[in-house]
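To start, the structure itself, in structure tokens.
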Amino acid sequence: MVDDETRNEEPTDKCGPAEKEEASPDPIAEKDRKIAELTDDLKRIQADFENFKKRNDKDWTERMKLANQRLITDLLPLLDSFDVALEDAKKNADARSLRTGLQNLHKQLLQMLQREGLREIPAAKRFDPFMHEAVMREEMEDSEDGRILEVFQKGYTLGSKAIRPTKVKVAKKKEPEAAGEAVASAQDKPDNQTSE
């Protein structure tokens, strides 16, 4: 009977630890499962991001095509006007009618660009380094420093951004002759000292 009791006890002891192992899983296996799950999530997020970038690039390309199409469509009436002006120039060799045609074309183009937000930068009396580009400087006695003397090329803004600065000639105040004489006399002194 002792053997029967021992046998009965043994299976109970064997089942007890097995049940305990199932209740508390292996921590390393749990971490591996979590790492695999997070890796899958990361791969999915990365694939979604790559798809987003591709869609965004495609959308941007389409927008650029539409913007170019709109610009070209807006320029077509101007092209038509050039065609009419060229035909008129072939028929009429009159300089006055040619000048009138060119003025009308210029006006038409300028109005079209102004509708899109283009504005001419005014050639103010004072030089502004944000709106003007000084391509020449001229020394003048009777002028203040930084005054715009001449405009070589008009500048334009699109919205609030300068897309091309106005190219100008700027005045530089000429130094008084007294300062020039002091420099000349300073250069003469070494010669005088050597002769003594």
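The values are calculated or read from the model by the stated rules, or taken from the named source; none is laboratory data. Keep in mind that what you see is a predicted model, and the values were worked out from it rather than measured. With ideal geometry, Cβ positions are generated from the backbone for all residues, glycine too; neighbour counts draw on all protein chains shown.
Can you tell me which residue within the stretch 157-179, out of those that are loosely packed, with under 12 Cβ neighbours inside 10 Å and charged (D, E, K, R), is nearest to GLN114 (Cα to Cα)? Here the answer is LYS161. For the stretch 100-122, filtered to residues that are of a type in the set (Lys, Arg) and out of contact with any strand residue (DSSP E or B) (no Cβ under 8 Å at 6 or more places or on another chain), the residue that is nearest to PHE152 (Cα to Cα) is LYS107.
Among the residues here, SER97 does not qualify as more than 19 Å from LEU158 (Cβ to Cβ) and touching a Leu at 6+ places or on another chain (Cβ under 7 Å). Every test in (1) at pLDDT 95 or above; (2) exposed (fewer than 10 other Cβ atoms within 10 Å of the Cβ) is passed by THR6 save one, and that test is (1).
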